[in-house]
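The following block contains the structure, expressed as structure tokens.
Just so you know, all these numbers are worked out from the coordinates, no wet-lab data involved. Being a predicted model, the structure only gives us computed values, none of them experimental. Every residue, glycine among them, receives a Cβ derived from its backbone with ideal geometry; neighbour counts consider all protein chains shown.
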Amino acid sequence: MIYLLSGTDNIYTEAYTLNETEPVKYFSVGCGGSNPNEKEVVVTLEQDIALLNEYNRLNFDFEHLYAKLLPPDRYEIGTYTVTIPANPVDQYVKVPVKVRPLGLSPDTVYFIPLTIKSVSHYEVNEEKNTLLYRVTIENDYARQKVTTYYTKRGTVLDLSNNRETILTGTKIVQPLTKDKVRMFVGNYTQGPATTVEDIGRLSVVVEIEANNTLNITPYGSIEIEMIDSEGYNRYDPAVMQGTKKQRVFYLHYRYRIMNADGTFGAWMEMKESLTRVEED
């Protein structure tokens with residue numbers, strides 16, 4: 001039985017590093033059975049846009065939530081004709097997929113939809129004859145494939161009334177480029193109900209320089225002013241906590257958020273440390 005290796009909903013996910021211009025990952029075409037295939041098998045693949053449309057129809061009620069087709073200029077598939085040799089050591093063949101990840105959004109689900117068009121011998125597994133190859137991005141500080149969380153500790157000071165709020169909990173940090181990440185300010189949290197407008201109003205971009213100092217800029221309409229203070233606006237990749245090394249951002253800046261009428265709210269001074277929550 002010829003098949004495309006995948007998981008739930010026939011999705012297979014790979015993470016592409018923003019540290020490289022054109023990183024390469026793979027998906028697999030396999031031949032299942034208790035014994036190796038005695039004949040050489042030529043498998044022809046093709047793109048299947050209907051597969052992506054059906055996935056969106058079954059999983060989402062609103063078009064703005066739809067998964068997107070990875071633009072054709074963003075990737076190259078090594079071959080659409082795969083040959084599985086007779087009596088192979090491994091009963092699968094890996095197909096390379098080169099991606100140009102710079103500029104892809106961490107807020108978007110990107111797929112390359114594929115299907116088995118034909119095989120020269122044997123049967124096709126009708127439950128695994130399609131593949132939604134998902135492309136995600138990552139850098140040294142955050143990942144899209146598995147959401148990256150940092151533990152936040154610090155304060156937000158409302159400069160209009162001198163009222164201080166303690167920062168606790170976790171914060172989502174998302175990759176943008178090799179050396180840039182995006183995050184929400186203050187105690188605002190990003191979740192399933194977050195809109196594109198929320199992201200534009202509440203997000204900042206943190207750039208990590210070669211010497212691990214930080215440059216903090218607006219992502220959208222928010223206004224930002226960095227505050228120079230000892231020990232802050234830097235990234236430390238090796239803070240010792242017992243016997244473990246932890247990766248920590250130290251941030252100090254002030255911000256104000258644009259209201260619906262185009263005016264700005266009060267200046268808020270933010271001082272926090274963000275410690276990465278490592279995945280198992």
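Say we join alpha carbon atoms closer than 10 Å with springs in a Gaussian network model of the chain; which of Gln241, Gln144, Gln174 then has the biggest fluctuation?
Fluctuation is largest for Gln241.
Sort Val196, Val95 by Cβ crowding within 10 Å, fewest neighbours at the top.
By the 10 Å Cβ count, ascending: Val196, Val95.
Separate question: Would you please name the GluC sites (Glu not before Pro) within segment 1-45 that are DSSP coil residues with at most 11 other C-beta atoms within 10 Å of their C-beta?
Qualifying residues, ordered by number: Glu38.
Could you tell me the relative contact order of segment 148-276? Use alpha-carbon pairs under 8 Å, at least six residues apart, and round to a whole percent.
With pairs under 8 Å counted, the relative contact order is 25 percent.
Looking at segment 198-280, which GluC sites (Glu not before Pro) are in a loop (DSSP not H, G, I, E or B) and have at most 14 other Cβ atoms within 10 Å?
Counting only loop positions with at most 14 other Cβ atoms within 10 Å, the GluC sites (Glu not before Pro) in segment 198-280 are Glu209, Glu230, Glu278, Glu279.
Need the list of lysines near Lys39 for cross-linking: C-alpha distance under 28 angstrom, and skip anything on the same chain fewer than eight residues off.
Candidates past the 8-residue exclusion: Lys25, Lys94, Lys117, Lys128.
Using modelled amide H (1.01 Å from N, peptide plane; none on Pro or chain starts), what sits under 5 Å from the amide H of Tyr16, excluding residues fewer than 5 places away?
The answer is Thr136, Ile137, Glu138.
Mind checking the dipole of segment 204-276: about its Cα centre, +1 per Lys or Arg Cβ, -1 per Asp or Glu Cβ, Debye to the nearest 20? Kindly include the intermediate steps, with their values, before the conclusion.
Numbers: 8 positive and 10 negative charges, 95 e Å.
So the magnitude is around 460 debye.
For Ile49 and Ala210, what does the FRET efficiency come to when R0 = 35 Å and r is the distance between their Cβ atoms, rounded to the nearest 0.05?
The formula returns an efficiency of 0.25 here.
Relative to the longest principal Cα axis of the chain, at what angle does helix 49-59 sit, 0 to 90 degrees, rounded to 10?
It is inclined by approximately 50 degrees.
Of the listed values (1) 14.4; (2) 15.8; (3) 18.7, identify the label whose number matches mean projected area of the Cα convex hull in nm² calculated from this model.
(3)
At a Förster distance of 51 Å, what's the computed FRET efficiency of Glu38 paired with Val239, Cβ-Cβ distance as r, to 0.05?
My answer for the efficiency is 0.30.
Most fluctuating residue of Leu132, Leu202, Leu58 in a GNM of the chain with Cα springs under 10 Å: which is it?
Leu58
In whole percent, what relative contact order does the chain give with Cα contacts below 8 Å and a gap of six or more residues?
17 percent.
Okay, next question. Give a quick list of chymotrypsin sites (Phe, Trp or Tyr not before Pro) in segment 50-91 that DSSP marks as loop, anything other than H, G, I, E or B, with at most 14 other Cβ atoms within 10 Å.
On the way: sites: Tyr55, Phe60, Phe62, Tyr66, Tyr75, Tyr80; in loops: Phe60, Phe62, Tyr66, Tyr80.
Answer in residue order: Phe60, Phe62, Tyr80.
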